[in-house]
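In what follows, a structure is listed as structure tokens, so that the remarks can point back to it.
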Amino acid sequence: MDYKKISEEIVQYVGGKENIKGVTHCVTRLRLILNDTEKYDRKKLENVEGSKGVVFNSGQLMIIFGTGTVNNVYDAFVEVTGAKEMTTAEAKQEGVNKLGKLQQGFKVFSDIFIPIIPAFVAAAIIIGLKALLTAEGLFGLDGALVDHSTFLSSLADFMGIIATTFDYLPILVMYSAVKRFGGNPILGILVGIVMIHPSLMNRNTFVLDPSGAEYWNFAGLQIAKVAFQGGVFPAVLTAWFMSKVEKIAQKHVPAVISFVLVPTITVFLANIALFTVFGPIGNLIGTALAAAIDILYNSFGAVGAFVFAALLQPLVVTGTHQAIQGIEANLIATTGFNYIQAIWSVSIIAQGGGAIGMYLLAKKKSRDRDIAMSSFVPTLVGISEPAIFAVNLKYSVKPFVCACLGAGFAGAFMKLTSVRAIGQGLTGVLGLLIVVPEKLVFYIIGNLIAFVLPIVFIVGYDKIKGMPKGEEDEETEIEEKAEESNESKNVESSKNEEKTAVHAVVDGKVIPIEQIGDGVFSAKILGDGVGIMPESETIVSPADGTVCTLMEDSKHAVGVTMKDGRNILIHVGIDTVSMNGDGFSYFVKMGDTVKAGDKLLSFDKKKIEKKGLNPVVVVVEVDGGQKEPVKFISGMKVRAGKDLIGE
């Protein structure tokens, strides 16, 4: 390969030297930070000699070359451009900075909510089943199903107990958020419990009648003894503050008493901030919004309903929507009807439509596709947070805006047709149970409008300008191209060729490469292989051979050329290049001759996990050339240097 020519072509296709802010590389990818991310030509970069694909994610342009090749391209690229050489951590931070503060914030919410989506889905389905059992007049019965069966009555009651996700939402959010911000998630759970403590007044009750609240008096400062049911925004802000306090305390408290004082200081100050800052701010905003909503809907007709429905889910994002429940209760008490229920429903269903829109854009078998479908299900029974935070705000605000616009049009339709309910708290499919019968058809049509329009807007925008998607989906596209290329280039190897067996490189459980959870490896862009969930912390050589690849800065990967000429790459952890070698150490140098079972590198599994990274050890055959590929096996426990994982 002519690495200088490759580098010159890359410079040309990314907008010239003046558009290159910095460069680094990992074991497989050349990573560029660009001043203007709109100037690179992806198609031309994909056709550069040696390029196996191009990915843009988190502000970084990554060109995949594979082990060995990427080192040579990097050296030539730096020589040609004189670009600033960055560490991987610096490049990652630069990429994040280029996302902008708003998108960084949305990314944080996505990271917080994705781990707790299963809890939303399970509770949503159970709540839906319970509603069927307790709905009166269903299936033409006199009363509800529970009225005709003791068993069904007990089952419905049991379902009400176990579907606790939404009753304890602040605990789940605090745990996930504190973990995301690098704090102690157990302390996060403790503050989450305080947010819904039974001794505090329920926030929904407080919204209806603030006069019933009791107060703490701290030197003249009156603090309401009110809980934070459904308080997503206060929980996230408190978690951020709490993590900062914990880190500062760890830095300044003497080590000998840190075990006692650090958690005490952290929990105490976090709760003070919760009740004195984040809670009151939410109350003030909520009260103002309640007044604005009443004016919007009742004074500006369909236009007001459009604005109301379009803005309702942004209120959910900030956690300032509780005051609306007070308006609903007052409407039912004074008029017997609730017009806000229909607006609630279309605003939530529209976010589900947005999730399905992103599902349609995501590639088959991608994680984003699975998350999108899982996040859609809860919207059918009135829960929008997974769809908002895990899908519609994950990569861009645009899907969320499309969903809000769809909700606006559906809200205007609900206003024009005067859809109303006789209760509150049930939306989507469950809302059918409380809508006045003569408006049932319009309720269904309105929700269908809310569901379909976001899909149309998202798919249409993607056709015209391209909707931002995740790295995994882009890598799935690369996978499809790579598979086609492999099929066309596959050459029959000699059956008599002597092959070298591949031994386990670490103790642990062997898993298929598709289950590793990294786009490039799972897609087999670099080659076939397996993952090993490590139970030891020393990597050994898989066979007799020569050390052909080392990462001197990060020390997280090593390559061995076996005697039969096949190359094996061993990569410890996912995204561990960001650790800059902390916890990693080599036993070998480039070009060393090794025997099967010889020590290659050591790593600290606990440090990897503490960083929130996956410690899986990836073993991949790369650059196999014309030789018959290694046939890897998985599903068993292995001992390093003794058990086979391929041959």
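A few points about this structure:
- Hits in the stretch 162-201 - residues which are outside any loop (DSSP other than H, G, I, E, B), modelled with pLDDT under 90 and surrounded by fewer than 19 Cβ atoms within 10 Å (Cβ to Cβ): Ile162
- Qualifying positions in the stretch 4-31 - crowded, with 21+ Cβ neighbours inside 10 Å, of a type outside the set (Val, Ile, Thr) and modelled with pLDDT under 90: His25, Cys26, Arg29, Leu30, Arg31
- Scanning the stretch 57-68 turns up no residue that is farther than 21 Å from Thr549 by Cα and open to solvent by 50 Å² or more (accessible area, probe 1.4 Å).
- Considering only residues in the stretch 538-555 that are touching a Gly at 6+ places or on another chain (Cβ under 9 Å) and in a loop (DSSP other than H, G, I, E, B), the one that is surrounded by the fewest Cβ atoms within 10 Å (Cβ to Cβ) turns out to be Glu552.
- Enumeration of residues in the stretch 602-619 that are open to solvent by less than 20 Å² (accessible area, probe 1.4 Å) and either free of Cβ contacts under 8 Å to residues at least 12 places away in the same chain or farther than 15 Å from Ala504 by Cβ (or both): Phe603, Ile608, Pro615
- Residue list for the stretch 556-570, filter: among the charged types (D, E, K, R) and buried (at least 23 other Cβ atoms within 10 Å of the Cβ): Arg566
- Per the conditions (1) surrounded by 21 or more Cβ atoms within 10 Å (Cβ to Cβ); (2) over 20 Å from Pro115 (Cα atoms), the sole criterion not satisfied by Leu360 is (1).
- Selection within the stretch 126-181 - closer than 30 Å to Phe241 by Cα and β-branched (Val, Ile, Thr): Thr164, Thr165, Ile171, Val173, Val178
- Among the criteria (1) closer than 15 Å to Val459 by Cα; (2) part of a loop (DSSP other than H, G, I, E, B), the one Tyr395 does not fulfil is (1).
- Any chance Gly382 is at pLDDT 85 or above, of a type outside the set (A, V, I, L, M) and buried (at least 21 other Cβ atoms within 10 Å of the Cβ): no
- Some residue of the stretch 418-426 being open to solvent by less than 60 Å² (accessible area, probe 1.4 Å) and assigned to a helix (DSSP H, G or I): no
- For the stretch 620-642, the criterion of being open to solvent by 70 Å² or more (accessible area, probe 1.4 Å) and part of a strand (DSSP E or B) is satisfied by at least one residue.
- Enumeration of residues in the stretch 1-41 that are part of a loop (DSSP other than H, G, I, E, B) and among the β-branched types (Val, Ile, Thr): Val14, Val27, Thr28, Thr37
- Flag for Met590 being within 34 Å of the chain's Cα centre (by Cα) and on the phi < 0 side of the Ramachandran plot: no
The values are calculated or read from the model by the stated rules, or taken from the named source; none is laboratory data. Everything numeric in this text was worked out from a predicted model, so none of it was measured. All Cβ positions, glycine included, derive from the backbone under ideal geometry; neighbour counts span all protein chains shown. Ligands, DNA and RNA are excluded from the accessible area calculation, which covers all protein heavy atoms including side chains. Shrake-Rupley method; radii C 1.70, N 1.55, O 1.52, S 1.80 Å.
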